[in-house]
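J.: Pasting a structure here, questions to come.
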Amino acid sequence: MRKRIYKEVNDELEKRRFNAMLLADKRKEEIFSKVPQIAVLDDEIRKLGIRLGLSAINGDYRKDEIKQKLNETIGRKRALISRCGYPADYLDNVHTCMYCKDTGYIKSDSGSSRCSCFKSLLIKSLLKDSNVTRAGGTFKDYDLDLYPAEPDVERYKAKESPREIQAKNLARCKEFVRNFHTKQADNLIFVGKAGLGKTFMCNCIAIALIEKGIPVVYMSAPDLFDNIASKYSQDEEEREKAIELDELLTNAELLIIDDLGTERQTGSRYAELLDILNSRELMSRKRICKTIISTNLSLKNIFSAYGERVASRIIGGFELLEFVGDDIRIKHRNLSC
């Protein structure tokens with residue numbers, strides 16, 4: 001997945017460089033036909049650039065003299081372009097990113113580093129691949145005030161208030177992102193009734209990791225199991241897509257399975273889920289391979305719905321974060337009115 005996404009980014013940068021070259025040629029043809037003297041200066045700049053490069057290689061003592069003449073000629077050319085009613089950088093400002101000239105890298109005396117445009121393209125590709133959007137929620141949008149501040153043991157079955165519990169969950173999820181490439185970032189399972197912010201938290205984690213350039217695969221449980229079923233489709237194209245996605249599910253650095261328990265339940269599908277979880281566990285011994293699951297089911301219902309083998313694998317291999325409180329979707333709608 002990572003190789004394919006990086007290839008997409010590099011392909012886009014190559015496309016931008018090609019379009020910049022076409023635009024530069026078009027502008028030169030336009031301005032040279034109107035002001036031939038600019039073409040003469042442009043040719044002189046090209047020759048001086050070659051001479052400067054050779055002087056640096058050969059240790060020519062006239063290097064500084066050539067460099068000064070080159071800069072003077074560039075100044076004359078830009079001034080002439082400006083006098084003709086064009087922006088002074090009309091022939092130079094053809095790239096999408098003027099910092100790296102669409103190479104994706106910025107060179108300096110200490111070496112080269114990735115340009116911010118590379119990161120932006122990377123995030124765009126990762127978002128497209130992951131099925132998540134910033135509109136689905138980020139850590140900056142997280143509002144603990146939506147959770148009750150007062151404890152109610154009888155109502156919430158917890159000694160602490162929902163707000164205190166959720167503050168701890170939020171801190172733990174931020175820690176998961178910070179320590180993603182360490183053993184401290186265990187697999188997580190979010191358990192709680194519908195409307196308590198489990199999907200929102202999943203999205204927050206996904207966005208935070210994607211912004212760090214980490215690939216994420218985000219799927220609802222119904223889509224996940226539909227994909228599993230598609231592997232046995234009679235349609236060859238559908239079957240090949242399902243197999244390709246199955247490889248992503250196994251190899252993704254982070255796999256998020258949202259709303260486990262809302263899918264149509266069949267025993268054969270859960271054997272496939274167990275295979276995915278086991279494969280990811282084996283993969284995690286070689287490299288980073290984390291999983292997050294959210295579910296409306298209680299621990300007891302997970303065992304009754306999925307059977308002991310699958311449920312034990314989930315409960316035993318995941319850190320449990322319990323979400324408690326009232327339906328924040330209703331509260332959020334009321335606050336918006």
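The values are calculated or read from the model by the stated rules, or taken from the named source; none is laboratory data. Here the structure is a predicted model, which means the values were calculated and not measured. Here the Cβ positions follow ideal geometry from the backbone for every residue, glycine too, while neighbour counts run over all protein chains shown.
J.: Out of all the residues in the stretch 22-54, which are basic (K, R), surrounded by 14 or more Cβ atoms within 10 Å (Cβ to Cβ) and within 28 Å of E65 (Cα to Cα)?
T.: Residues of the stretch 22-54 basic (K, R): 26-28, 34, 46-47, 51.
When the remaining residues are screened for being surrounded by 14 or more Cβ atoms within 10 Å (Cβ to Cβ), the result is 27-28, 51.
Selection gives K28, R51.
J.: While we're looking at this one, here's another question. Within the set of pairs 6+ apart or on separate chains, which have a first residue in the stretch 23-47 that is among the polar types (S, T, N, Q), a second that is assigned to a helix (DSSP H, G or I), and C-beta atoms under 8 Å apart?
T.: As it stands, the answer is Q37/L80, since those pairs meet every condition given.
J.: Can you work out which of the residues in the stretch 323-337 that are assigned to a loop (DSSP other than H, G, I, E, B) and at pLDDT 85 or above is nearest to R172 (Cα to Cα)?
T.: We begin by selecting, within the stretch 323-337, every residue assigned to a loop (DSSP other than H, G, I, E, B); these are 323-327, 337.
Now narrow it down to the ones that are at pLDDT 85 or above: 323-327.
Numbers: F323: 13, V324: 16, G325: 18, D326: 21, D327: 21 Å.
Selected residue: F323.
Conditions tested, residue by residue: (1) at pLDDT below 95; (2) touching a Phe, Trp or Tyr at 6+ places or on another chain (Cβ under 6 Å).
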site	(1), (2)
K168	no, no
R172	no, no
F180	yes, no
A185	yes, yes
V191	no, no
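J.: Using the structure shown, decide if G104 is more than 21 Å from R4 (Cα to Cα) and not polar (S, T, N, Q).
T.: On the way: more than 21 Å from R4 (Cα to Cα): no; not polar (S, T, N, Q): yes.
Judged against the criteria, G104 is not a match.
J.: Is there a residue in the stretch 252-262 that is touching a residue at least 24 places away in the same chain (Cβ under 8 Å), of a type in the set (V, I, T), within 23 Å of K140 (Cα to Cα) and assigned by TED's automatic domain parsing to the domain that holds Y142? Full working, then the answer.
T.: From the stretch 252-262, those touching a residue at least 24 places away in the same chain (Cβ under 8 Å) are 252-262; that's our starting set.
Filter once more, so that each one left must be of a type in the set (V, I, T): 256-257, 262.
If we keep only those that are within 23 Å of K140 (Cα to Cα) as well, we get 256-257.
Those still in the list that are assigned by TED's automatic domain parsing to the domain that holds Y142 too: 256-257.
The answer is yes; a qualifying residue exists.
J.: Right, next: Examine the stretch 320-335 for a residue that is aromatic (F, W, Y), surrounded by 14 or more Cβ atoms within 10 Å (Cβ to Cβ) and closer than 18 Å to P162 by Cβ, and state whether such a residue exists. Spell out how you get there, then give the answer.
T.: Within the stretch 320-335, the subset aromatic (F, W, Y) is 323.
Then drop every residue that is not surrounded by 14 or more Cβ atoms within 10 Å (Cβ to Cβ), which leaves 323.
Add one more test, that the residue is closer than 18 Å to P162 by Cβ, and what stays is 323.
Yes, the stretch 320-335 contains a residue that is aromatic (F, W, Y), surrounded by 14 or more Cβ atoms within 10 Å (Cβ to Cβ) and closer than 18 Å to P162 by Cβ.
J.: What are the residue pairs meeting all of these: first residue in the stretch 126-144, first residue in the same structural domain as L254 (by TED's automatic domain parsing), second residue assigned to a loop (DSSP other than H, G, I, E, B) and among the aromatic types (F, W, Y), Cβ atoms under 6 Å, and 6 or more apart or on different chains?
T.: Pairs that qualify, where the first residue is in the same structural domain as L254 (by TED's automatic domain parsing) and the partner is assigned to a loop (DSSP other than H, G, I, E, B) and among the aromatic types (F, W, Y): there are none.
J.: Residue check: is G307 over 18 Å from K193 (Cβ atoms), surrounded by fewer than 18 Cβ atoms within 10 Å (Cβ to Cβ), under 27 Å from the mean Cα position of the chain (by Cα) and not basic (K, R)? Outline the logic, then answer.
T.: On the way: over 18 Å from K193 (Cβ atoms): yes; surrounded by fewer than 18 Cβ atoms within 10 Å (Cβ to Cβ): yes; under 27 Å from the mean Cα position of the chain (by Cα): no; not basic (K, R): yes.
When the stated conditions are applied, G307 does not pass them.
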